[in-house]
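Only one structure is covered here, and it is reproduced in the block below.
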Amino acid sequence: RKETMKFIQICSLFLFYIYTLCKKLYFFMKNSNKIYDLVVIGAGSGGVRAARISASYGATVAVIEEDRPGGTCVLRGCIPKKLMVYASEFNKQMSDAKKYGWKIDECSHDWDLLNKSLKEELDRLAGIYDNILKNSGCKIIKGVANFISPTRVKVNDNVIEGKKILIATGGHSWIPDISGVKEHAITSNEALKLPKLPKNISILGSGYIAIEFAFIFRGFGSNVNLIYRSDLPLRGFDNEIRGCLEKELLNKGIKIYPKTKIKKVSKNSKLDIELDDGRILSSDELLVATGRKANTDNLKLENIGVEISHDRSILVNENSRTNIETVFAIGDVTDRINLTPVALGEGHAFADREFGNKLRFFEYDNVPCAVFSQPPVSSVGLTEEEAVNQGISCEIYTSNFKPLKNTISGNTEKSFMKLIVRKEDNVVIGAHMIGSDAPEIMQSIAIAVKAKLKKSDFDLTVGIHPSAAEEFVTMRSQRD
Ligand code: NDP
């Protein structure tokens, strides 16, 4: 009887062993043969949106990401940058508060604590993005993807297959080839987590990133040099706004070097930055913000012949489809309008079209934007220069004022607003602002511009008093 029991025990163990082996084999076979409906490369804002919405329509989705989910905006861009803007503004706010009667005796800043708080918040957000993907049923695969066929990519020696593949790999900072710059300069990635506040920082460029960081570091008390090759900062924005921004840079004590280039950089105890007019600036850090380039280098697009532009961004049609039937691309990697809400919109429209049976396209006209300078700039629609270049006859309305809050505080920051109105039909085709709360105000104005409302509709709208926003509905006389 004992022997029979032992025999049964051995048989059970053997059967259990065979069962476990078969189960493992089954899952291995299932996964190795799995063909996803969609494989997304890149878990940034656009990729995550496309993955989540596609999965909600019942698609099986795999998302390949080498880093944590979140992408540039969440981990190295918009979010940490905006938190840094908030952090740097308290200095000014405390000084404003004094004339309102607040006694602030001691005021100092703890850079390590700020870095710690930022890290905690970014960890939290990356976790949220991770959960969004998991909860929507997407499989997350960590690694770098490269194409081996139009429907297959290789990740860490595994082959992942999808009926459709969406590239959403974003972009990276581009550094110009100037002697010593690549070796000694930092980009926005490093600027967001410097171990200590630089006493002196020079910044090359005058686009979004350069301008935002110039004000951030100045807010914390650094001496800031802003070096740029154009005559006014923020090329592409309305010229009057650019002029106001230049005044605000000077007003804050930021040293500007317009129409200037860097000739070379060398390191002694500090960085010596030689300008093309012979002047030498001495700085603790040099931040280069000269634009971004698409992340296409690791994808091995050449293996399947995906067409790319001269600057290596991916060429797509209005469906975000490349020249290869099964391969799509959205967001900064396509270098259309490089803003998070655009990538989100492109990703959502892609998922709707490809898996939701909805023929929906992202609209690229009247995309509002903001530069978080201090005060911020925000715009929607055409600039005056664009309207003139397109031969549109316009009426221009402007308002230039000192915000009520600054009357008592003595803060010299001003606000400027501008409406571009098409003469032919009275439609507002552009709205621009520099001043406190500009992005918050412009988001609503963008609805009116998108809806092609007329200046007469603005005039009929009752203002909210006292507010800065009411200026947009009370501008009555045209600029000469
Ligand atoms: P931008 O394209 O905004 O600005 C690039 C700047 O670098 C310009 O001032 C440009 O000068 C200058 N530049 C380019 N090449 C050279 C060179 N060889 N030598 C000297 N200067 C040069 O790029 P950013 O890096 O500031 O930002 C990248 C993108 O990130 C933006 O386009 C935007 O889409 C996005 N972004 C959006 C933000 C937001 O929405 N708030 C915030 C940050 C970034 P010039 O004008 O003369 O060409």
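The values are calculated or read from the model by the stated rules, or taken from the named source; none is laboratory data. None of the values given here were measured: they were computed from a predicted structure. Quick reminder, even Gly has a Cβ in these numbers, built from the backbone with ideal geometry, and neighbours come from all protein chains shown. Note: accessible area is taken over every heavy atom of the protein model, side chains too, but ligands, DNA and RNA are not part of it. Shrake-Rupley method; radii C 1.70, N 1.55, O 1.52, S 1.80 Å.
Residue order by solvent-accessible surface for Leu275, Leu232 is Leu232, Leu275, largest first, with ligands and nucleic acids left out and a 1.4 Å probe. With a ≥ b ≥ c taken as the square roots of the eigenvalues of the C-alpha gyration tensor of the range 193-283, please select rounded if a/c is under 1.5 and otherwise prolate if a/b is larger than b/c or oblate if it is not? Judged from the Cα gyration tensor, the range 193-283 comes out oblate (a/c at least 1.5, b/c at or above a/b). Look at the Cα gyration tensor of the range 355-432: its axes a ≥ b ≥ c give a/c of at least 1.5 with a/b at or below b/c, and that counts as oblate.
Using a probe of 1.4 Å, the accessible surface attributed to Tyr17 totals some 140 Å² when neighbouring protein chains are kept in position. Ranking Ile41, Val74, Ile53 by how far each Cα lies toward the positive end of the dipole of the range 41-199 (charges on Cβ) leaves Ile53 at the top.
Label zone (Asn239, point 7 Å along Cα-to-C-beta; backbone nitrogen cut-off 18 Å) within the range 355-393: 382-393. In this simple spin-label approximation, Ile35 and Thr461 carry label points 7 Å from Cα along the Cα→Cβ vector, and these lie 5.2 nm apart. For Lys196, a cut-off of 22 angstrom between C-alpha atoms picks up these lysines, skipping any fewer than 8 places away in its own chain: Lys81, Lys82, Lys92, Lys116, Lys119, Lys182, Lys252, Lys255, Lys267, Lys270.
For the chain, the square roots a ≥ b ≥ c of the C-alpha gyration tensor eigenvalues yield an a/c of 1.5 or more together with a/b exceeding b/c, which makes the shape prolate. Put simply, the Cα atoms of the range 254-399 extend 60, 51, 28 Å along their principal axes, the longest span coming first. Based on protein heavy atoms only, the chain ends up with 52 Å² per residue of surface accessible to a 1.4 Å probe. Ranking of Ser56, Ser378 by solvent-accessible surface, largest first: Ser56, Ser378 (1.4 Å probe, protein heavy atoms only, all chains present). When only alpha carbons are used to place a centre, the range 324-371 and the range 226-245 end up 29 Å from one another.
Give the distance, in whole Å, between the Cα centre of the range 102-125 and the Cα centre of the range 427-480. Here the two parts' Cα centres lie 35 Å apart. Over the chain, DSSP H runs of length four or greater, each weighted -39,500 (n - 2.57), average out per residue to a 222 nm ellipticity of -11500 deg cm²/dmol. Placing +1 on the Cβ of every Lys and Arg and -1 on the Cβ of every Asp and Glu, with no other charges, gives the range 263-332 a dipole of roughly 200 debye about its Cα centre. When all protein chains stay in place and ligands, DNA and RNA are ignored, the 1.4 Å accessible-area order of Lys259, Lys163, largest first, is Lys259, Lys163. May I ask you to give the percent of accessible area on the range 277-382 that is carbon plus sulfur, with a probe radius of 1.4 Å? C and S atoms contribute 50 percent here.
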